[in-house]
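Before any comments, here is the structure.
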Amino acid sequence: MSAPSNPDFEQYRRRLLHRKRYYPIYGLLLLITGGLGLLGLISSFLDNPGSLQPTQSTGLLHDALLLTFLALTIAGIVLIIRAYKAPDNTEIQRYRRRERQRLFLQANGRSLPWWSHLIIRVLIVLVGLVFFSGAILVFFNFGPGAWDGWIYLLVSIFLISLVSYFIPRELRKLPTMSAEALARNLIAGEATGDEDI
């Protein structure tokens, strides 16, 4: 398959390759996080085989953490596999079209990134509350000297601060940043054809 005649095709191919360059790192982080969480839950299950049953006081929390860590492990494996797949011409053109349309809509205030939608914010807060309740349970069972309780507490504070401070701050800057990126693309001589936007 020959490369398209768009002069900016190589630029978007490089951008896509640059994005994919970080996939193995993200994948390994997810895989390690999920794997360590699963090992911790397995060790707690081996200590107390009934701890994963929903009738126990911490059974539902353990079940939710088990599903979360399993999802993190699977997502890490998928990212690592996707990292080593070279993008073809149709994927690059699709990325180019999507990227330009996204910037245009964000600059006009008609589109928001996926991480700013209400359902994502609610899920982040719920995960933060799960970590907060895990920290409270650890402190209740083992006292304030338990390090994993402090780690759960810090993770919950970070997740809740994402929703309450960092996401709204980025949303205020988004239209200006998108308009500047669109202008840079046009100044750089990006080709515009009928198939775009």
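I'm trying to understand the selection: among the residues of segment 79-90, which are loosely packed, with under 13 Cβ neighbours inside 10 Å and either in contact with a Ser or Thr (Cβ under 7 Å, 6 or more places away or on another chain) or assigned to a loop (DSSP other than H, G, I, E, B) (or both)?
Across segment 79-90, the qualifying residues are TYR84, LYS85, ALA86, ASP88.
Table: residues versus (1) in a helix (DSSP H, G or I); (2) at pLDDT below 80; (3) under 23 Å from the mean Cα position of the chain (by Cα).
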residue: PHE45; (1), (2), (3): yes, yes, no
residue: SER57; (1), (2), (3): no, yes, no
residue: LEU70; (1), (2), (3): yes, no, yes
residue: ILE77; (1), (2), (3): yes, no, yes
residue: ILE92; (1), (2), (3): yes, no, yes
residue: ARG98; (1), (2), (3): yes, no, yes
residue: GLN106; (1), (2), (3): yes, no, yes
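Let me confirm something: among ARG121, ARG110, ARG100, ARG96, which residue is farther than 23 Å from ARG14 by Cβ, crowded, with 16+ Cβ neighbours inside 10 Å and not aliphatic (A, V, I, L, M)?
Working: ARG110 fails: crowded, with 16+ Cβ neighbours inside 10 Å; ARG100 fails: farther than 23 Å from ARG14 by Cβ; ARG96 fails: farther than 23 Å from ARG14 by Cβ.
From the options ARG121, ARG110, ARG100, ARG96, the qualifying one is ARG121.
If we keep just the residues of segment 108-155 that are assigned to a loop (DSSP other than H, G, I, E, B) and in contact (Cβ under 8 Å) with a residue 40 or more places away in the chain, which is farthest from LEU61 (Cα to Cα)?
Out of the qualifying residues, it is ASN108.
For segment 82-107, which residues satisfy the criterion of being β-branched (Val, Ile, Thr) and in contact (Cβ under 8 Å) with a residue 12 or more places away in the chain?
So in segment 82-107, the residues β-branched (Val, Ile, Thr) come out as 90, 92.
Of everything in segment 82-107, just one residue is β-branched (Val, Ile, Thr) and in contact (Cβ under 8 Å) with a residue 12 or more places away in the chain, namely ILE92.
In this structure, is PHE158 among the aromatic types (Phe, Trp, Tyr), assigned to a helix (DSSP H, G or I) and more than 30 Å from HIS18 (Cα to Cα)?
So PHE158 does not fit the description; no.
The values are calculated or read from the model by the stated rules, or taken from the named source; none is laboratory data. This structure is a prediction, so every number in the text was calculated from the model and none was measured. FYI the Cβ positions are ideal-geometry reconstructions off the backbone, even for glycines, and counts take in every protein chain you see.
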